[in-house]
Amino acid sequence: MEKREQLYEGKAKKVFATDDETLVIVSYKDDATAFDGLKKGTIAGKGVVNNRMTNMLMQLLEKRGVPTHFVKELSERETLVKKVHIVPLEVIIRNVSAGSFAKRYGVEEGIPFDEPTIEFSYKNDDLHDPLINSYHAIALHLATKEEIELIKKYAFKVNEVLKEYFLALNVKLIDFKLEFGKTAEGDLVLADEISPDTCRFWDARTGEKLDKDRFRRDLGGVEDAYKEIFHRVTGE
Ligand code: ADP
Ligand code: UDP
């Protein structure tokens, strides 16, 4: 398998073509952004943490019946994945109030929900990723009704698996963002990443934040938080 030209450079990752047109290589950077790209910085070692953590979690999810784009970890920062057409929706699951939910509805952070919630944002930089409901997503042909149903089913399954997995590591899974894509064969699979960039992780005993909120909110100890969550997941 040969690495070919760069297809895309995003805020946190680069995507490269390979000599197999159904596969791409994702390369994780240390670059960090927040607030719609307004805040920029670097988090030393983040690319390694996010690559390896994503791959461990995707393999766990595969075992538990959620299909993913994961194929093979190539190095600390690079992974071979199935090339997909990304469904342009950010799928957000929440177990506890935080972030934009707390702000939008004027409630404190840290209120546990009786049932997890789901919401979608339309992945569109020009429009700044607006909140969208499933009817509007279907009307805009971002996904079919059947795809939305499958996305919901997979997203709640991911939550069940990961909530339990992280609790055993003394970590509360507060909320997270998923992306799905369609493979060349037309299968819907979990894509992109699952990492401290895309999840909120709170220490179950102390409530300490072990995720990108330390960067977003200038809380300090950003690198250490990424190292700590990585340590809990990998033992390294
Ligand atoms: P952004 O585009 O938001 O800056 P990244 O820096 O993470 O985000 O860039 C990675 C890009 O690759 C994202 O647009 C993501 O949707 C896309 N992507 C993730 N997994 C795959 C895949 N398996 N095939 C094709 N594209 C993917
Ligand atoms: N999230 C993400 N990418 C985004 C927006 C949100 O990965 O573009 C994740 C974020 O890390 C958190 C969850 O989705 O785990 C919910 O984020 P929220 O809507 O509260 O937005 P934020 O507080 O980041 O503005």
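Is it the case that the range 93-102 has a residue that's surrounded by fewer than 16 Cβ atoms within 10 Å (Cβ to Cβ), farther than 28 Å from L7 by Cα and of a type in the set (K, R)? Checked against the condition, which is being surrounded by fewer than 16 Cβ atoms within 10 Å (Cβ to Cβ), farther than 28 Å from L7 by Cα and of a type in the set (K, R), the range 93-102 yields no hits at all. So, in the range 1-40, exactly how many residues are within 16 Å of ligand 2 (Cβ to nearest atom) and not in a loop (DSSP other than H, G, I, E, B)? Final tally of qualifying residues: 9.
Screening the range 15-47 for residues that are surrounded by fewer than 17 Cβ atoms within 10 Å (Cβ to Cβ) and aliphatic (A, V, I, L, M) and picking the one that is farthest from R232 (Cα to Cα) gives L38. When you look at R214, is it surrounded by fewer than 22 Cβ atoms within 10 Å (Cβ to Cβ), in contact with a strand residue (DSSP E or B) (Cβ under 8 Å, 6 or more places away or on another chain) and in a helix (DSSP H, G or I), yes or no? When the stated conditions are applied, R214 does not pass them. No other residue among F166, F180 is buried (at least 22 other Cβ atoms within 10 Å of the Cβ), within 14 Å of the chain's Cα centre (by Cα) and either in contact (Cβ under 8 Å) with a residue 24 or more places away in the chain or within 16 Å of ligand 1 (Cβ to nearest atom) (or both) apart from F180. For the range 151-193, a residue qualifies if it is within 13 Å of ligand 2 (Cβ to nearest atom), touching a strand residue (DSSP E or B) at 6+ places or on another chain (Cβ under 7 Å) and part of a loop (DSSP other than H, G, I, E, B), and exactly one does: D192.
I want to confirm something. Restricting to the range 1-36 and keeping residues that are of a type in the set (D, E, K, R) and out of contact with any strand residue (DSSP E or B) (no Cβ under 7 Å at 6 or more places or on another chain), which single residue is nearest to ligand 1 (Cβ to nearest atom)? The qualifying residue nearest to ligand 1 (Cβ to nearest atom) is E9.
Condition first: free of Cβ contacts under 8 Å to residues at least 40 places away in the same chain, surrounded by 16 or more Cβ atoms within 10 Å (Cβ to Cβ) and within 16 Å of ligand 1 (Cβ to nearest atom). Now tell me which residues in the range 122-151 satisfy that. Across the range 122-151, the qualifying residue is only Y122.
Any residue in the range 102-109 that is within 12 Å of ligand 2 (Cβ to nearest atom), more than 17 Å from the chain's Cα centre (by Cα) and in contact (Cβ under 8 Å) with a residue 24 or more places away in the chain? No - not one qualifying residue is present in the range 102-109. Consider the range 75-101 and keep the residues that are farther than 23 Å from L127 by Cα and polar (S, T, N, Q). The one that is farthest from the chain's Cα centre (by Cα) is S75. The residues of the range 192-233 that are polar (S, T, N, Q) and under 19 Å from the mean Cα position of the chain (by Cα), listed by number, are S195, T198.
Every read-out reported here was derived from the displayed coordinates using simple, explicitly stated rules and does not represent laboratory data. Treat the numbers as computed from the prediction; the structure is a model and nothing was measured. We place every Cβ from the backbone using ideal geometry, glycine too, and count neighbours over all the protein chains shown.
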